[in-house]
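Structure first, then comments.
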Amino acid sequence: MASVENISGNLQTGDQPVVKADPKWAIMGGVVSIVAWLALVPLVFLIYQSFRTPGTARKPAIWTLGNYFEAYSSPDTLLLFANSVQFAAGTAILALVVGTALAWMTERTNTPLKPLFYALSIIPLIIPGILFVVSWIFLASPKIGLINLALQNLLGTDKVYVDIYSMAGMIWVDGLHYAPIAFLLMTAAFRAMDPSLEESAMMSGASMWGIFRRITLKLAFPAVAASFLILFVRSIESFEVPALLGLPVGIQVFTSAIYDAIHSYPSNIGLAAAYAITLLVITMGGIYFQSRITSQGGKYSTVTGKGFRPRTIDLGRWKYLTAGIFLVYALMVVILPFLVLLWSSLQKFYSVPSMEALRNVSLAAYVTIINYPSVGTAVWNSFILSIGSATTVMVLTAVVCWIVLRTKIRGRFLLDQLASIPLVLPGLVMGLAIMVCYLTIGGGIYGTIWILFIAYVTRFLPYGMRYNTTSMVQLHKELEESAAMSGASWFTSFWRIVLPLLKPGLLAGWIYIVIVSVRELSSSILLYSPGTEVVSIVIWEMWQNGQYVELSAFGVMLIATLFVFVMTAQWIGKRFGVKET
Amino acid sequence: MLTVKGLNTEYPSQKGPPVKAAQDVTFEVPAGKFFTLLGPSGCGKTTTLRSIAGLERPVGGEIVVNGRTVYSSEKKIFIPPNQRNFGMVFQSYAIWPHMTVFANAAFPLEVRKTKMTAQEIREKVMRVLSAVALEQYADREATKLSGGQQQRLALARALVMEPELLLLDEPLSNLDAKLRDRMRFELKRIQRELGLTTIYVTHDQGEALALSHEIAVMNEGRIVQVGTPREIYEHPRTKFVADFIGTTNFIDGTVLGMDTATGRWNVRTPAGDMLVHAVQTLAPNMAVTVSIRPEDVEVFEEAAPAGSGLNTTSGMVDQKVFLGDFVDFQIKIGEFTLLSRAHPSMRTPIGDKIHVRMNPEKCVAIPDISSARNAA
Ligand SMILES: Nc1ncnc2c1ncn2[C@@H]1O[C@H](COP(=O)(O)OP(=O)(O)OP(=O)(O)O)[C@@H](O)[C@H]1O
Ligand SMILES: [Mg+2]
């Protein structure tokens, strides 16, 4: 009868005996250990590796500061740093400007085509980064780029108008690629901003410009600054763009330098680790300042729970201009890239559009892809990995969130921080850390598909946390407490009350993680081995082999599949999800 | 039936000492009675109720229900809430939005240890649903109920488990005034019919007086008085209780001595000397506050018909407010202003002389805390 526990897991009254047998503690303990292992251990190994010499059969590895010395003594490092910052800042600014303009247009103006645009905004998310880069190479490379060719034909010159293989080109492609994220971030910011604050300024007699400068900008500042930092961190972590556009012309940033150090012969993992730690410090700084701004922004937060009356500005005739901007954006981000892939997939050999090429249209590349030896394995691997890691992440983080939000266990906030650590790890750095970790401790995981699974679960833990936290804070505590009062055990109430009520959030997070898992390249590229390729790796290899046509066919199929998947999942979610309460 | 002894519950606070939300809470509820915890916002009512439920873990004390100790700091016993078999209705109702009305009410039966057949569950649930007049909504989604219906569903869910104890946390506070009145009667009827021992939390004194067999008035984490509604209303033991429940006149005074003819204490006040009812023992020269309800201050235009041992005096009408069911007079007696609530037929104009009569039984003398301590 003296069984002891508490719905709120109140552990601080340590003088009371605790019954160990309760499965609740076993589940919670297990989850906490898994998260701690995933988030911390590889990081420790990475730091360790950065202080070791490369070990060979004859010379065992020893402690050294040489890696850091090598990384920092070279004048190239300064250039590397400058390149990285220039690239990341440029990308972030471009994405932010585009995203903010689009968000303002959809949220605060009467631009036509708004609903259509909103639906369209999700599509860029399903185009894998590597395909986006490749399609822009087809569009804007100096030799084969369609834009150059079209202009040359039109103007009768052979001048190169745009060159994607340059810093500007890198910023252009990556900036466009991150614009949808900036759009989503800024849309949320505009929605949280109560228009009545601007209206009351207007009633006090301020001019339009005065309102914009003294109210709107001030209110939006935290959101803009936080979004900039998020985008900066994302772009400094980018791998596809620097690898495909920068490396061929010798523009190196940290991510491509890490990749180079590992793939040079003999591979220098210690040096890569030293670069990785530097990159990590930069991203950590970015995330730190971003969270500082966001938490200070609390006083600016104008979310009152009351629905704002959306006030839209009547643009008059200008609305055709803004609608035009929508179309140009859609053209740049979705339509042109997809069309150019589609075009090249229908050729036998890559060639630019012409009447002659049109006559050669064939489906041969698709046939090749279907019979391509590694494609079947890769598709199967990606399928298993994305479903498996999405499910694992969502369930794990549901329990973690529950512990953080619902118990009074000491140190529960640390757990939240712990699960957010992977956020600061660039994909390539995470791949490196996991590689070093499982190569060192052995256990036969390296070289199997499990190492990719571990990488994906770790990488996407923070996304799961975000989706679960948002939906769990909305879940009134009393809903669970009334289950306990009804006599339900912890497990029953978690299974029958908490999880079903979180279903919409769980499903949304699950879909998102499935998509990003399929797109994942930067961790996988260090962890795959023959037999455990995933789809993004196959695309990468095809690019390296110059199989552009096959790559395009595969890309078109992949985008189509992801599109169908997202639509189906959303339809299922609407149909069978929990009705709005 | 329910015994709570020396209950202490604390909440850890970010900085500084923990919040002592319930301190030394002690009371007893006999079987089948309706017991109310009443007090202002933040006084620890919910904390006390949640401690009984097992949703908070107290730091000290003992809770015994039907001879079963569910919590004891001394014996290190803490029964988790899901093994206590208490029904609870939450302030937010906590209706599960992903289930139908029936599924909500059936949940407690489905999760209990002793398994029941679907048929048994169905019968039980339907019986309870019809007791709260929801049987025709059984298959409806729970979110598609009105506020009052949700409240009844929450009650049904608590009742279906045939709880040993029914715990209610301000269940009527989310309803509009009309519905609240109706549900108050419903609640009283159901509780009396089923004979359920009930602990009810509210900050609404009217609700407490109307529903309860017994009331515990709480302030700042402590119980300040326990008694029947009539006792609490007529004979408050502290200024706080007198003030919190209803409106009252407070008259500061000093005890003169015992009046030999009536056996009552005589108190000198700015409104004249008066005989009083004492709840606690008094002593001469003690500083006291006399509390008298406005409706117990009788007013007359002619000299009051003197009864034996009644306090009489006279004053001047200073203000009056007509409120329909009654008239409030503010009467100046010397420097003192006394509030009286009279029948609307009283029409004495402002500035006229008016006679006042107060039954000593209703003039409750409450010792001032400092002087009470000195006398003790
Ligand atoms: N989870 C908590 N953490 C810290 N302090 C708390 C917590 N819950 C309540 N308190 C504090 O404990 C005291 C008592 O709170 P309680 O909820 O019991 O009041 P109440 O009498 O039910 O008030 P109300 O009528 O407003 O519901 C308050 O001072 C409150 O601020
Ligand atoms: Mg309360």
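Listing for the model above:
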item	result
Subset of region B:150-174 [open to solvent by 10 Å² or more (accessible area, probe 1.4 Å) and more than 16 Å from B:Ala53 (Cβ to Cβ)]	B:Gln150, B:Arg152, B:Glu162, B:Ser173, B:Asn174
Residue in region B:233-248 that is more than 11 Å from the chain's Cα centre (by Cα), more than 16 Å from ligand 2 (Cβ to nearest atom) and of a type in the set (Phe, Trp, Tyr) present	yes
Residues located in region A:493-506, provided they are of a type in the set (D, E, K, R) and crowded, with 19+ Cβ neighbours inside 10 Å	A:Arg496
Matching residues, region B:111-140, being crowded, with 17+ Cβ neighbours inside 10 Å and closer than 25 Å to A:Phe494 by Cβ	B:Val111, B:Ile121, B:Val125
Residue ranges of strands (runs of 3 or more DSSP E) in region B:275-336 with at least 1 members basic (Lys, Arg)	B:311-322, B:327-333
Residue count, region B:272-295 (criterion: of a type in the set (D, E, K, R), open to solvent by 30 Å² or more (accessible area, probe 1.4 Å) and farther than 16 Å from B:Ser345 by Cβ)	1
Meets criteria (among the hydroxyl-bearing types (Ser, Thr, Tyr) and within 9 Å of chain A (Cβ to nearest Cβ)) for B:Thr100	no
Region A:186-199 residues that are outside any helix (DSSP H, G or I), paired with ones that are at pLDDT below 65 (beta carbon under 8 Å, 6 or more apart)	A:Met193/A:Thr302; A:Asp194/A:Thr302; A:Asp194/A:Thr304; A:Asp194/A:Phe308
Unique match (being within 23 Å of A:Gly145 (Cα to Cα) and either open to solvent by less than 20 Å² (accessible area, probe 1.4 Å) or in a helix (DSSP H, G or I) (or both)) among A:Leu336, A:Leu385	A:Leu336
Qualifying position, being open to solvent by 10 Å² or more (accessible area, probe 1.4 Å) and within 30 Å of B:Leu37 (Cβ to Cβ), among B:Phe336, B:Phe322, B:Phe244	B:Phe244
Region A:153-175, residues that are open to solvent by 10 Å² or more (accessible area, probe 1.4 Å), modelled with pLDDT of 85 or more and assigned to a helix (DSSP H, G or I)	A:Met167, A:Ala168, A:Ile171, A:Trp172
Strands (runs of 3 or more DSSP E) enclosed by region B:1-117 - at least 3 residues per element that are more than 16 Å from ligand 1 (Cβ to nearest atom)	B:2-11, B:19-29, B:60-65, B:68-72
Those residues of region B:137-181 which are under 20 Å from A:Leu479 (Cβ atoms), touching a Gly at 6+ places or on another chain (Cβ under 7 Å) and either not in a strand (DSSP E or B) or not assigned by TED's automatic domain parsing to the domain that holds B:Lys124 (or both), in sequence order	B:Ala158, B:Leu159, B:Met161, B:Pro163, B:Asn174, B:Leu175
Selected residue [hydrophobic (A, V, I, L, M, F, W, C) and open to solvent by 30 Å² or more (accessible area, probe 1.4 Å)] from B:Phe107, B:Phe102	B:Phe102
Criterion violated by A:Asn268 - all others in (1) open to solvent by 10 Å² or more (accessible area, probe 1.4 Å); (2) at pLDDT 85 or above satisfied	(2)
Some residue of region B:184-191 being touching a residue at least 60 places away in the same chain (Cβ under 8 Å), open to solvent by less than 20 Å² (accessible area, probe 1.4 Å) and touching a strand residue (DSSP E or B) at 6+ places or on another chain (Cβ under 9 Å)	yes
Residues of region B:192-207 that turn out to be away from ligand 1 (no atom under 16 Å from the Cβ), closer than 24 Å to B:Ile245 by Cα and either within 14 Å of chain A (Cβ to nearest Cβ) or open to solvent by 10 Å² or more (accessible area, probe 1.4 Å) (or both), as a count	0
Matching residues, region A:125-135, being open to solvent by less than 10 Å² (accessible area, probe 1.4 Å) and part of a helix (DSSP H, G or I)	A:Ile126, A:Gly129, A:Ile130, A:Leu131, A:Phe132, A:Val133, A:Val134, A:Ser135
Pairs with Cβ under 7 Å, 6+ apart, first in region A:16-32 and within 15 Å of B:Phe78 (Cβ to Cβ), second modelled with pLDDT under 55	A:Gln16/A:Val4; A:Pro17/A:Val4; A:Val18/A:Val4; A:Val19/A:Ser3; A:Val19/A:Val4; A:Val19/A:Glu5; A:Asp22/A:Glu5
Flag for A:Arg412 being under 25 Å from A:Phe460 (Cα atoms), charged (D, E, K, R) and open to solvent by less than 40 Å² (accessible area, probe 1.4 Å)	no
Of the criteria (1) open to solvent by 10 Å² or more (accessible area, probe 1.4 Å); (2) within 14 Å of chain A (Cβ to nearest Cβ), which one B:Gly54 fails	(1)
Residue in region A:488-496 that is assigned to a loop (DSSP other than H, G, I, E, B) and more than 14 Å from chain B (Cβ to nearest Cβ) present	no
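Conditions (1) at pLDDT below 90; (2) under 26 Å from B:Phe244 (Cβ atoms), marked per residue:
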site: B:Gly272; (1), (2): yes, no
site: B:Ala278; (1), (2): yes, yes
site: B:Val288; (1), (2): no, yes
site: B:Asp296; (1), (2): no, yes
site: B:Leu323; (1), (2): yes, yes
site: B:Leu338; (1), (2): no, yes
site: B:Ser345; (1), (2): yes, no
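Yes/no matrix, rows are residues, columns are (1) crowded, with 24+ Cβ neighbours inside 10 Å; (2) hydrophobic (A, V, I, L, M, F, W, C):
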{"residue": "A:Gln474", "(1), (2)": "no, no"}
{"residue": "A:Phe491", "(1), (2)": "no, yes"}
{"residue": "A:Ala508", "(1), (2)": "no, yes"}
{"residue": "A:Ser536", "(1), (2)": "yes, no"}
{"residue": "A:Trp540", "(1), (2)": "no, yes"}
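Residues checked against (1) within 14 Å of ligand 2 (Cβ to nearest atom); (2) within 14 Å of another protein chain (Cβ to nearest Cβ); (3) of a type in the set (D, E, K, R):
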residue: B:Met1; (1), (2), (3): no, no, no
residue: B:Gly16; (1), (2), (3): no, no, no
residue: B:Phe27; (1), (2), (3): no, no, no
residue: B:Gly32; (1), (2), (3): no, no, no
residue: B:Leu38; (1), (2), (3): yes, no, no
residue: B:Ser41; (1), (2), (3): yes, no, no
residue: B:Gly44; (1), (2), (3): yes, no, no
residue: B:Pro58; (1), (2), (3): no, yes, no
residue: B:Glu62; (1), (2), (3): no, yes, yes
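The values are calculated or read from the model by the stated rules, or taken from the named source; none is laboratory data. Predicted model only: the values in this text are computed from it and were never measured. Every residue, glycine among them, receives a Cβ derived from its backbone with ideal geometry; neighbour counts consider all protein chains shown. Heads up: the accessible areas ignore ligands, DNA and RNA and are worked out on the full protein's heavy atoms, side chains in. Shrake-Rupley method; radii C 1.70, N 1.55, O 1.52, S 1.80 Å.
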